[in-house]
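Novice: Just passing along the structure, written as structure tokens.
The values are calculated or read from the model by the stated rules, or taken from the named source; none is laboratory data. Predicted model only: the values in this text are computed from it and were never measured. Note that each Cβ is placed from the backbone with ideal geometry, even for glycine, and that neighbours are counted across all protein chains shown.
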Amino acid sequence: MKKFTFTIRGNKYNVELLNIEDNIAEVEVNGSKYEVEIGQEIKTTKTPKLVREQAFPSPEADRAKTSSPTEKKGAGLVKAPLPGTILEINIKEGDIVKSGDKLLIMEAMKMENNITADREGKIISIKVKPGDSVLEGDTLVEIGG
């Protein structure tokens, strides 16, 4: 690690610091190895060490959470694009909506997001209510043809 030259009472000592762990240092003095105790307090860190459990993917991990924009929409399900909280619902069951109409407002990552219809049709069912927490891919609204 580090090499030092000490002069003690006129005698020169070549000291190499090999390893330090806690308050014990392993040093080599003129070719002889020694373990020495360092006379200082061992400081404990204020920040605790974070130990996380190993995460495993869920069985649904390979399933697509949202449909791609070019894909045929099929059942007409409007899904949550990311995890968040439903703030406001601007439609009711039975309403006729056009593509691009604002269906609801969702808060995600401290931002309000407008969730819009991706097709035109009649609102068959609303799967959420204001205050609900949703995960990415959860069905919010079902639009029929």
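Novice: For the stretch 116-145, give me each residue that is more than 10 Å from Ile86 (Cα to Cα) and aliphatic (A, V, I, L, M).
Specialist: Within the stretch 116-145, Ala117, Ile123, Ile124, Ile126, Leu135, Val141, Ile143 qualify.
Novice: Then there's this: If you check Asp138, Asp118, which single one turns out to be modelled with pLDDT of 90 or more, out of contact with any Phe, Trp or Tyr (no Cβ under 8 Å at 6 or more places or on another chain) and assigned by TED's automatic domain parsing to the domain that holds Gly94?
Specialist: Asp138
Novice: If I ask for residues that are part of a strand (DSSP E or B) and either without any contact (Cβ under 8 Å) to a residue 60 or more places away in the chain or aliphatic (A, V, I, L, M) (or both), which ones from the stretch 119-145 would you list?
Specialist: Gly121, Lys122, Ile123, Ile124, Ser125, Ile126, Ser133, Val134, Leu140, Val141, Ile143
Novice: If you don't mind, another one. Given the criterion at pLDDT 85 or above and either exposed (fewer than 10 other Cβ atoms within 10 Å of the Cβ) or not assigned by TED's automatic domain parsing to the domain that holds Ile124 (or both), identify the matching residue among Glu93, Glu28, Glu71.
Specialist: Glu28 is the lone residue from the list that is at pLDDT 85 or above and either exposed (fewer than 10 other Cβ atoms within 10 Å of the Cβ) or not assigned by TED's automatic domain parsing to the domain that holds Ile124 (or both).
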